[in-house]
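The structure under discussion appears below in the form of structure tokens.
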Amino acid sequence: MIEAHELSRRYGPFTAVDRVSFAVEEGEIVGILGPNGAGKTTTIRMITGFLPPTGGRVTVFGKDLFAEPRKARRDIGYLPESVTLYPEMRVREYLAYRARLQGMSRAEAREAIFETMDRTLVADVEGQIIGTLSKGYRQRVGLAAAILHRPRVLVLDEPTVGLDPKQIVAIRELIRTLGKKRTLLLSTHILPEVELLCDRVLIIDRGRIVAQGTPAELHATFLGRHHLVVEVRPDGGTGAPHDPVAGIAAVLAALPGVEAVEPLDGGPVAAEPVAAAPAVAEPAASEPVRPPSEVVRRSGRFRLSVAEGADPREAVFRAAVERGWVLLGMAEERGSLEEVFVQLTTRDETVPAAGEPAAAAEASEAAETEEEIPS
Amino acid sequence: MSGLWATFARELRAYFLSPLAYVVLFFVLVLQGAFFSLIVYHLNDPASAAGRPFDVFFSGFPFWMILLFVVPVVTMRLIAEERKTGSIEVLMTAPVTEGQVVAGKYLAALAFFAALWVPTLLYAVLLDLYGEIDWWTLAAGYLGIVLIGGLFLSVGLVASTFARNQIVAAVVTFAVNLLVFFVAFLPGMVDRPLFQKVFEHTSVLDHMDEFARGIVDTRRLVFYLSTTLFFLFVSARALEDRKWR
């Protein structure tokens with residue numbers, strides 16, 4: 001397991017990471033989530049012992065990472081953000097080098113290299129020069145090198161960044177199998193990845209942990225209820241005059257389990273303006289352009305806020321039948337982690353508060369580019 | 001120690017996997033050969049002063065040009081490249097110490113640098129066929145190359161630790177080593193006896209003359225080994241600090 005106590009890192013006056021504490025238990029997969037410049041990479045670098053913190057400490061299975069680095073580092077496998085392999089080396093050569101760096105004997109290394117190449121599916125390129133490999137393969141070679149010495153903790157910084165969708169799926173699969181037996185810490189800004197892979201999530205923003213918990217807990221805490229989007233055609237398909245939008249909303253709102261109704265895109269429009277259509281099309285215009293106000297919309301969508309634990313879908317269907325509406329669609333809209341994330345981390349971009357001028361955001365951005373390594 | 005040897009082996013291999021090594025080898029060979037044959041022609045001229053070819057070779061200006069130009073090229077990428085590409089992150093999260101990494105890289109650079117001079121042994125063998133070579137004197141000369149080159153390389157390693165850009169590292173290395181080299185000319189310019197004395201003891205040019213004549217002075221050994229170790233120490237500490245992150 002890996003523990004961070006009050007971890008801080010300052011770059012001059014800029015605090016990249018501010019008293020961050022967390023623990024990753026054995027066998028757990030924890031995701032660090034945050035926008036660019038939030039301090040993810042800085043945190044990861046301190047957790048892996050690359051960057052000395054300006055405050056706090058890190059322990060890996062009880063060993064202090066900076067007091068006894070050589071012992072503690074042996075338990076960590078690390079894949080940095082910019083997967084940095086030596087492009088002029090061959091895959092197997094490189095893995096052999098990494099094994100020696102870990103202090104493995106030649107025999108140990110050979111066995112580990114074969115096993116790892118099989119697991120990470122790089123055995124077919126073992127003789128290739130790394131510089132000629134595709135990004136997906138390079139990522140896998142990086143992963144292979146990180147798990148070569150069988151570390152108990154695996155730290156991956158943005159493991160799927162820059163890969164194509166197919167490669168992403170493959171790498172995620174690999175991460176999932178690797179995480180079965182290990183303690184795994186993963187940083188990313190791709191939310192579905194976290195939901196897919198992680199047992200627990202830490203959300204970091206501007207150097208602080210703003211939320212942590214399982215994806216489900218975060219949902220419950222920050223989003224609470226879910227929504228139901230209903231699309232109906234109130235004229236019953238006949239073009240006949242029908243209930244006004246407000247009337248439809250009222251009917252839906254009266255259903256049990258529905259707390260509020262919000263008509264989306266203005267709701268259905270009454271059927272009269274249809275007759276005006278041929279008159280507009282007279283001057284041989286191939287496509288008569290109508291102002292949006294005249295667009296005939298016979299169906300309308302409504303978003304229903306659903307009370308905790310209620311399921312009004314059946315009631316919606318019955319109400320529609322009863323009123324003679326055609327029910328065109330009904331979809332549950334569950335808050336995604338994305339919304340939690342946006343809610344937690346986008347305050348300053350939408351509302352530039354007086355105390356936080358744009359300069360601060362720029363400064364943190366500059367710091368991020370500073371710490372990023374051009375590949 | 002595994003960290004030292006892993007770094008050493010990779011670094012040495014990296015030299016021979018890059019085109020740079022072959023470019024350097026090629027030009028050094030050409031220059032060495034050209035200078036040496038010029039020296040031999042010159043000494044064969046009855047009008048010229050008598051001298052031993054290797055004495056002239058080791059103390060000649062061309063020899064210093066090779067030394068001054070080759071060292072930055074050999075050392076510039078050592079740490080700067082790892083920092084630029086980020087592979088330093090992998091290196092410094094492995095269970096190895098900064099000292100091991102610095103030592104491994106330095107020894108690899110020294111080995112490559114030393115290898116550049118191995119072909120000149122062939123000239124010695126050739127000369128021995130027609131004349132007589134004092135092999136111990138020659139050994140002292142090579143010791144001088146390794147010691148002085150070793151100091152220059154350690155300067156290069158420090159520059160490569162501090163500069164992220166390889167070109168900057170190379171330029172700084174060249175400039176600093178050039179300054180060290182010019183110390184040899186200072187005694188003639190200052191008249192304070194104290195400074196003169198100091199400059200005499202730090203003049204790489206005079207030291208090389210001594211070595212080439214077969215004189216191995218312990219003071220020189222102490223001077224080169226201690227300054228080199230000092231620079232390696234600075235490099236290791238700088239790497240440890242990672243202030244430049």
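Data table
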item: Test: residue in segment B:121-131 that is touching a Pro at 6+ places or on another chain (Cβ under 7 Å), within 14 Å of chain A (Cβ to nearest Cβ) and buried (at least 16 other Cβ atoms within 10 Å of the Cβ); result: no
item: Hits in segment B:104-120 - residues which are away from chain A (no Cβ under 14 Å) and touching a helix residue (DSSP H, G or I) at 6+ places or on another chain (Cβ under 7 Å); result: B:Tyr106, B:Leu107, B:Ala109, B:Leu110, B:Ala111, B:Phe112, B:Phe113, B:Ala114, B:Leu116, B:Trp117, B:Pro119, B:Thr120
item: Members of segment A:124-167 that are surrounded by fewer than 21 Cβ atoms within 10 Å (Cβ to Cβ), among the basic types (Lys, Arg) and not in a loop (DSSP other than H, G, I, E, B); result: A:Lys135, A:Lys166
item: Of all residues making up segment B:182-220, the number that are under 17 Å from B:Gly60 (Cα atoms), at pLDDT 85 or above and hydrophobic (A, V, I, L, M, F, W, C); result: 6
item: Verdict on A:Ala99 being buried (at least 23 other Cβ atoms within 10 Å of the Cβ) and assigned to a loop (DSSP other than H, G, I, E, B); result: no
item: Members of segment A:51-81 found to be touching a residue at least 24 places away in the same chain (Cβ under 8 Å) and in contact with a Pro (Cβ under 8 Å, 6 or more places away or on another chain), listed by number; result: A:Arg73, A:Arg74, A:Asp75, A:Ile76, A:Gly77, A:Leu79
item: Residue ID - farthest from A:Phe341 (Cα to Cα), chosen from residues in segment A:185-201 that are touching a helix residue (DSSP H, G or I) at 6+ places or on another chain (Cβ under 7 Å) and in a strand (DSSP E or B); result: A:Leu185
item: From the options B:Val40, B:Val24, residue that is buried (at least 19 other Cβ atoms within 10 Å of the Cβ) and in a helix (DSSP H, G or I); result: B:Val24
item: Search result, residues across segment A:71-84 that are more than 7 Å from chain B (Cβ to nearest Cβ) and part of a loop (DSSP other than H, G, I, E, B); result: A:Asp75, A:Glu81, A:Val83
item: Filter pass, A:Met104 being in contact with an Asp or Glu (Cβ under 8 Å, 6 or more places away or on another chain) and either buried (at least 19 other Cβ atoms within 10 Å of the Cβ) or closer than 21 Å to B:Arg13 by Cβ (or both); result: no
item: Unique residue being within 14 Å of chain B (Cβ to nearest Cβ) and of a type in the set (A, V, I, L, M) when the list is A:Leu95, A:Leu133; result: A:Leu95
item: Failed criterion for B:Thr93 (all others in (1) crowded, with 21+ Cβ neighbours inside 10 Å; (2) more than 10 Å from chain A (Cβ to nearest Cβ) hold); result: (2)
item: Residue in segment A:102-112 that is nearest to the other protein chains (Cβ to nearest Cβ), counting only those that are in contact with a helix residue (DSSP H, G or I) (Cβ under 8 Å, 6 or more places away or on another chain), of a type in the set (A, V, I, L, M) and not in a loop (DSSP other than H, G, I, E, B); result: A:Ala109
item: Positions within segment B:1-45 being free of Cβ contacts under 8 Å to residues at least 40 places away in the same chain, within 14 Å of another protein chain (Cβ to nearest Cβ) and of a type in the set (Phe, Trp, Tyr), in sequence order; result: B:Phe16, B:Tyr22
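The values are calculated or read from the model by the stated rules, or taken from the named source; none is laboratory data. Not measured: the values here are computed from a predicted model. Please note: Cβ atoms are built from the backbone with ideal geometry, for glycine as well, and neighbour counts cover all protein chains shown.
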